[in-house]
Structures are given as structure tokens and as C-alpha cells.
Amino acid sequence: MRYLLILLSSLTIISCADYKIKSSVDPDANFSDYKSWCWMNECNPSFEGPGYLYERSILENMVNAIAEEMYNKGYDQLDNESDLLVDFHVVVKQDSTLSAVVHEEMLTMWEQYDETDLYYHYLVGTLIINIADRKKGQIIWQSITEKYLPTHPDMSHTEVKKGIKKALKDFPEREK
């Protein structure tokens, strides 16, 4: 549970400079044709990632944040007849660096560290969101959001929403 909090907080830090976001789009996709969406797994959200990260309440926050952002972009959540299918994956990797390499301006992001320890330990969290065209059966849009974070970050529902909003920032809004 603790690692899930750590990972998800990687999506929740407010500053854009803290995120590395890459999105890609199928150049042949006509987004004006899409009006509705549902989850890829028979319209039920499913968690993809290491089992030790699973905590139901936090994953529900992520699912709700994605649903809210899709609604804000003009897409209705429907059933098995929807135009788009949405899926997400979470990955966490532990890493470390020599403490001497930690720059003073980075310390506001990190928790306190022991200066006598030779290494500073941190996590790299990644959120991958795939959006597929149901009829074509292929992914038409993808976002990969990466964030460096401390090993014991705080997290809130509001921060999850902000992180998801950033991850879906480049997803096209539906023309009304």
C-alpha cells in the first residue's frame, strides 16, 4: 500500500516542470467522430501494474479522475457500444543517486535525507494511458507521464486529479 501511495503521488505533484509527459496520436484518427468512451476491459476499469501497489481507494480516485477528465473534454461514458476504449498502467522503479549529486534547488521536492548516507533513494513513477478506437481495434492516443518522487510522499484526491489532468492535457477535446 505504501508503494502505491508513492507511485500515485508521482502523478500528483503540481509543477509541470516536475513531470515528463510524452503523448502520441494516430495521424489518421478523426477525433470529431468520437463521442463516447468506456474502459477497455469490458467497460470495467482494471489495474495494470505490480500487485503490491494495489489499494482500492487510491485506484478508485484514479479511475474517477480519468472519468471526470474525459467528461470535461466532452466525451460521454457509455457501455460496450462506445467509440473509445480507455486503459491505464502504473509502473514504479526504485532508484538512487550519490547524495553529493542531489542539488540544493531539488531539495524542496524531496523528503529530508541523511547527509551521512552515501546514497539518496527515490522512486520513478510512470503512468501510461492508452485510448483506442473500438471499431479499428487500435490505440489512437497514448500518454506516458513520468515523475521523480521521494520514497514516502504525501498524497490527496485533489493531487491525483491534477496529475491525471496533466497526463490527459493533450488529448483532443470533443467539438460540440
Long-range neighbours under 6 Å by Cβ, at least six apart or interchain, first residue under 13 Å from Gly137 (Cα atoms) and assigned to a strand (DSSP E or B) within region 81-106, second β-branched (Val, Ile, Thr) and modelled with pLDDT of 80 or more: Leu84/Ile131; Val86/Ile131
Test for Ser156: is it open to solvent by less than 60 Å² (accessible area, probe 1.4 Å), over 20 Å from the mean Cα position of the chain (by Cα) and modelled with pLDDT under 90: no
Of residues in region 121-145 being open to solvent by 50 Å² or more (accessible area, probe 1.4 Å) and not in a loop (DSSP other than H, G, I, E, B), the one farthest from Lys166 (Cα to Cα): His121
Residues satisfying the stated conditions in region 18-55, i.e. among the aliphatic types (A, V, I, L, M), at pLDDT 90 or above and under 15 Å from the mean Cα position of the chain (by Cα): Ile21
Residue check for Asp83: open to solvent by less than 50 Å² (accessible area, probe 1.4 Å) and at pLDDT 85 or above: yes
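The values are calculated or read from the model by the stated rules, or taken from the named source; none is laboratory data. Since this is a predicted model, take the numbers as computed values, not measurements. Cβ sites come from the backbone with ideal geometry, for glycine too, and all protein chains shown count toward neighbours. Calculation scope for accessible area: heavy atoms of the full protein, side chains included, ligands and nucleic acids excluded. Shrake-Rupley method; radii C 1.70, N 1.55, O 1.52, S 1.80 Å.
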